[in-house]
1. Taking a 31 Å limit on the Cα-Cα distance, which of the listed pairs K582/K805; K340/K616; K144/K434 fall beyond it?
2. Quickly rank 286-292, 629-635, 653-659, 558-564 as a protection proxy: mean count of other C-beta atoms within 10 Å, highest first.
3. Tell me, what HN-Hα J-couplings in whole Hz come from the Karplus equation 6.51 cos²θ - 1.76 cosθ + 1.60 at θ = phi - 60° for each residue of segment 565-574, using x for Gly and Pro?
4. Of Y326, G345, G282, which is farthest along the charge dipole of segment 214-346 in the positive direction, counting Lys and Arg as +1 and Asp and Glu as -1 at C-beta?
5. Near the amide H of G257, under 5 Å away, which other amide H atoms are found, from residues 5 or more places off or on another chain, if H is placed in the peptide plane?
6. Describe numerically, in nm with one decimal, the distance between label points set 7 Å from Cα along Cα→Cβ at S949 and at L1088.
7. For S171 and S1051 in one chain, what is 0.36 nm times their gap in residues minus the Cα-Cα distance, to one decimal in nm?
8. Quick check for you: which residues of segment 739-758 have the amide N under 19 Å from the point 7 Å beyond the Cα of L878 toward its beta carbon?
Amino acid sequence: MKQKLQLLFKRQMAQLGVLTMLSVVSLNAWANELYQDIKQVKVTISFHGETLEKAMKRLSEVSEVPFNYNHNELRKLSAKQLTFTDEPLSQVLNSILSGTNFQYKEGENGVVIFRSSQNQEQHLTSSSVEASDQVTVKGIVSDKDGPIPGVSVSVKQSSLGTSTAADGSYSIKVNTGQTLVFSMIGYRTKEITVGSQTTINVTLENDITQLEEVVAVGYGTQKKVNLTGAIGTVKTEMLTSRPVSSLQSSLQGTMPGVTVLSRPGDVGTDASNVTVTIRGRGNFGTSSPFYVVDGIPVTTSDFTAINPNDIESISVLKDAASAAIYGNRAAHGVILVTTKKGKNGKASVSFNSSFGWQNPLVLPDYLGSVDYATLTNEARTNAGQAARFTADEIEKFRSGSDPNLYPNTNWYDLALRENAGIQDYQLNISGGGKTSYYIGMGVMDQQSLKVSKDFDRYSLRINTDSEVGARLKIGTKTSFVYENLKNDGGDFSFVSLNRMVPSMAAKQTLTDGSWQWGTINGGKLDATLAKDNPLRLQEEGGLDFRKDYRLITSLNADFKIIDGLFIHGIASLNYFQRRYGKFENETKPLINYLNGSEIPGSASTPNKYNENWTQKNRITLQGFADYEKKIGDHYGKVMAGGSYETYRGDFIGANRQEFVNNNTHVVDGGATPINAVGSNGFSSETAQASFFGRFNYAFLDKYLIEANLRADGSSIFHPDHRWGYFPSVSAGWRMSEESFMKNISWLSNLKLRASWGKLGNIANQPLITKNDYNEPDDYPYFEALETGYAYNFDGSAVNGVWAGKGVNILTTWEKAEITDIGIDAGFFNGKLDVTADYFIKNTTDILLQQKTLPNTYYQDPPYINAGAVRNKGFELGLNYNNKINSFNYNIGVNLAKIANEVTNLNGDNQQIDGRYIDRLGFARGSFFGYESQGLFATDEEVAKHAFQSAATKAGDIKYKDQNGDNKIDDEDRVIIGNDVPYFTYGINLGASYKGFDLAIMGQGANDVKIYLDNEASFAFFNGSGVKGLHLKRWTKENPDPNAAYPRLLPSADNSKTTNTKASDFWLFDASYFRIKSIVFGYNLPKTLISKTPVKSARFYISAQNPYTFMFDDRLKDYDPEAPSGRANYPATKTWSLGLNVQF
C-alpha cells in the first residue's frame, strides 16, 4: 500500500512538472508575441525645440514610464518641434528619435535610450587621443539578468564617451592608463583602469539607494525615503544563501527589534520550535507577529514553509503607524512577504542546488562507565549506603573485557546519526510581455539525527500578471506545498535517552554468535532501562507519519478609473489538510541475559493504530481604492477599503487495536470490540469583517504626515462588544532637504520620525485553545455545553449535558498603544546608513481568568480584560558600504535593548507558576526561587545557618535568608533571572573581489538565563548518568564552598535535601555570540561562459551555526537557545556545497 501511494504521488508530481513546463512554453510564446509595444501607453505632448534631454524628461513624466539615458549625450541634441495627441508612446519615440543616432528599447526598469552600435565610434566627442598610445577597448556590459543597453561608458576626467548598444556592447578608443567609467541610473558606478587589455566585460550591480527603494506596506508600497513609520527590511540574499529549513530561522540577526529564538527541534517541527517576537513579549501568552504574504493572511506554519528563493522582499512593520492598517492582529507586529513576479522579456531560468551535512552542535557531556561507577559509589557513601560497584567491576568497565555485563555504552553515538543529510533543489522560470509569469519549484530533503526519521518538502509557486487593455490588470498567485514527515521506526524521547547510563548494555552477544537486546546494567538485570532502550524502540516500536498539504491561491485585479485613481480587489483561499498516523507494534518480551527467562512487563501488547485528519480553510475577500494627486509642492494620497474573512477547521480521528500483524496500517484492519475501537472529532468557525483607510500628505517632499484607521468586528466576541477601532498617526521631517543643510557634503540623508497608534489582539491567552491564525477556537463570551458521562444513577453511568465553563460577555480586544520616535540618516554619499528608534509600548486589556468568585461557583473561571504589560526599548541599525578598487565590502550592525514590565495583574501583586513569576514592576518570564550563597563547607556552618531541612549537610547548597526569620521557606524566594533575551544584536559582513564573494553573519544575546534541572544537571536523577560538571563537585577531601556542584547523592536522597529546589544555582548564563552563517562563493568569469547559454554560474560553500561562543563558566554541554528544562533534541550545525546557475 505504501509503495503504491509513493508511486502514485511520484506520477502526480511528474504530470505536474510536465504541465508546468508546457505552461512555460506557451506563456513564453505568448509573451514574445505581445512584447512588441510599450504596454499601449498613449500620450498627449508638444515639443518646442528644447534639448533632447529635457524632452525625454517631460515625456517620462507625462507617460509615467521611467526613462534611462545618458544625460550628457542627449543634452547636446535638440528635439524637433512636434505635437502629439493621444498617440502611442512608441510612435512618439520613433518620431522624436528619427534622424538621430539613438534608438529606444523597453527594459526591466522602463524605456532605455541608447546610441546605435554602428555609429558608436564615430560619435566619440574628443579627437585629442594620440594614436601612439591609443587602444580600442570593446566589451559587453551586463547585470545579473543579462546585457544592459544604454549604459554610459566614459573616460574619466575627459569628454570622451559612448553608450552601450541593444546587446550591451560598446567600443571606445582610449589611452592606456586612462580609467573607464560605467554608469547608469539604478546601478552602482564602476571604474576600470585600462592597461594592455582590449576586451573589458563589466557586470553592474543594482543600486537600490539610487532607485529610491520601494518598501511594501499594508495594502500598497511606499518609497523608503518617505516612510514615517518604523519598518525594517531584509535583503533576500541573506535568506537564500543559508541552508535552513525554516524561513523564520533565516530572519535571525537580520534587523534590530526582531528576536528569533531558534529552539532546537527535530525535523518538521520548525513552526513550533522557532519563535519570532517583535519588540519583546507583549502579553502573558504568545506574542507572535501577524504574517501576510502577497496581501493574504497566512499562518506561522504557512510562513515557515515558504521557499526563500520565491521571495522578492520582506518588510517588518514594528510600530503602530505602520501596522495599524491591520488592526486587531497587529499588536505584536506584522511581517509582509512579497513573492517574485515575472519580468518582461524572454524566459529566464535559474537553478539553485545545495547538499549538506548536519551534525549536533553540542551533545550532553555524559561520562563513561568508570566515572559513572566511581561517582555512584561516592554518592551512595555520602548517603550512608553500601557501594554499588566493586573494584573488580570498575576494572572490567575500564578494560572492556566483558562488554555483555560491564559495557561502556555511548548511547548518543548509537541512537543518533553522525551526519544527517540535507539537500535542496530550486528551479525558477520567469518571463513574459503583457502577461508575465514566475514559476518556482523546489524540493528539500532533510534527515533527522534519529536514524529512522526523514522530512521532505515539495513546493510549487505560479504567479502571473496580465494587462487586459490599458486600464485593467489581473494577476493570480498560487502556492502549493507538500510536506512529508516519516518515521520508519518507533520514536523515543530525549528524556529517556538521557536516562540511559553507560553501564547498561545496548545489545548482548550470545554463544551462537547471534545477539539480543541488552538487559544487564553493570552485571545486574535492569528491566526498566532495558524496556526504554532507544535502539529497540527505533527498530521494533512501529512507525508514524505526517502529511501536510498547503494550497494558497488568489485572484487580484487593479483597475485604473482616471489618472491617479485605482480600484484593487483580492480574493483568496488558504487551504490546509493534514493526515497523521501512528502504528505501535506488538513486541515480544525481552530475555534476561543472565538466565534466559522472559522479563515480565517488557513486551508491548496489543498493537494499535491511530489516524486522524485535519482540514482548515480561510476565504478572504478584500477590496480597496486609492487616489493620489500632486498639485505644485503638495502631494496627497488616500486609500480606503474593506475585507471579509471566514475560517473553518475540522478534525476527525479514529483508532483501533489488536491487528492481525504489525504490517496492517489501516484503521479497519483492527479488532471491532468496543474496547478496541475509538473515534473523536470537532469543528470550529470564526468570521471577521473589517474597514480600513490611510491618508498620506507631503509638502515639498520633506514634511510628511500619515494617518491610518481600521475597524474590525469579530465573531469571537459578544455582538455588543464585537467591534474594535485602531487609529494611528505619524509624521516625518526630511531635514536633509532643507536649504540650510544642503552644503553639508558628508550628510546625504536625515529624517526625523514620530508616530503614535493603537493596535489590537484577539484573546491571546495561553489557556484558550487557538487555531493556526492565533484566534480562539472557542468563544470566551459563549456558554458552551459539554456532553458525556455526567453522573451515576442506580449503579449505572448516565450521560448528560452541562455548562463547561464560565463566561463573560464583556470580553473584548487586547489593545496595544505604541509611541515611537526615530531617525534615519545617511552619510558620505550613502555609504553609511543609520536607523535608530526609541519606543514605548503599553499593552492593556490582556485576558486573565477571574480570581475572586463565590465558593459555590463550580465552573472554570471566566476571562476578563485585566492584565497589562509595558515594553520600552531602543533599536539601532548601522550599514556601511564601500569599495577599494575591485574590492567591495559592507558591514552591518544591529542591536536592540528592551525593558519589559508587568503593570497590571487584575489587582494582584504577583502570579506564580512553578519556577516562574509575573510580578508588578518586573519582566515577564522571570525565574522565581532561592538565592544561593555557595555551598556549606562544614556541618558546623549548617548548624549556624537558617534551617533548610533535616537532611541538609556539608556540601549542600546554602540559601540566603531573605527575611531574617532563621528558616528557609517560600517567603525567601526572590526573582533570580529571566529566560527572555531582552538584549539582542547581529553583525553582517560581506566582501567581494573580482569573482569571489564572502558573507558572514553573526547573532547574539546578552543578559539572559537558562534553567537546567533534572537529567540536564542533576546527577543520577531518576537513575540517569553523570556529566563532566559533576567532576567539579564538592567532596570531603576538597570542601570548596564555591565548587561547581554540591555533594553527590542518589536521586531519592538528593530530593530530601533542598538542593533540587528552584534556585539561581541551577541558572546558567545563556548569553552567547554565534556565527550563524559563513558563505564563500566564486562566480565563473563571463569569458568562460560567454559562448554557452549560461548567463552566470556560482559555486559556494556554506556553514550554518559553525561556531558558538558561550559565557557560562560551569556548564558547556547545552545550547544557549534551548528552552529551560531537562532534555532536548540537539541543535545542529550544517556544512553544505551549492551551485547557482542562470540561463
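1. Working: K582/K805 33 Å; K340/K616 26 Å; K144/K434 23 Å.
Among K582/K805; K340/K616; K144/K434, the Cα-Cα distance tops 31 Å for K582/K805.
2. On the way: 286-292: 22.9, 629-635: 11.0, 653-659: 19.1, 558-564: 12.7.
Taking the mean over residues of other Cβ atoms within 10 Å, the ranking is 286-292, 653-659, 558-564, 629-635.
3. Working through the residues one at a time gives 10, 10, 10, 10, x, 9, 10, 9, 10, 10 Hz.
4. Going by the charge dipole, the pick is G345.
5. Result for G257 returns A896.
6. 6.8 nm
7. On the way: separation 880, 0.36 × 880 = 316.80 nm, distance 8.32 nm.
Taking S171 through S1051 to full extension adds about 308.5 nm, to one decimal.
8. Flagged as within label range: 746-751.
Read-outs: derived from the displayed coordinates by stated rules, not from any lab. Everything numeric here is computed off the predicted structure, so don't read it as measured data. Every residue, glycine among them, receives a Cβ derived from its backbone with ideal geometry; neighbour counts consider all protein chains shown.
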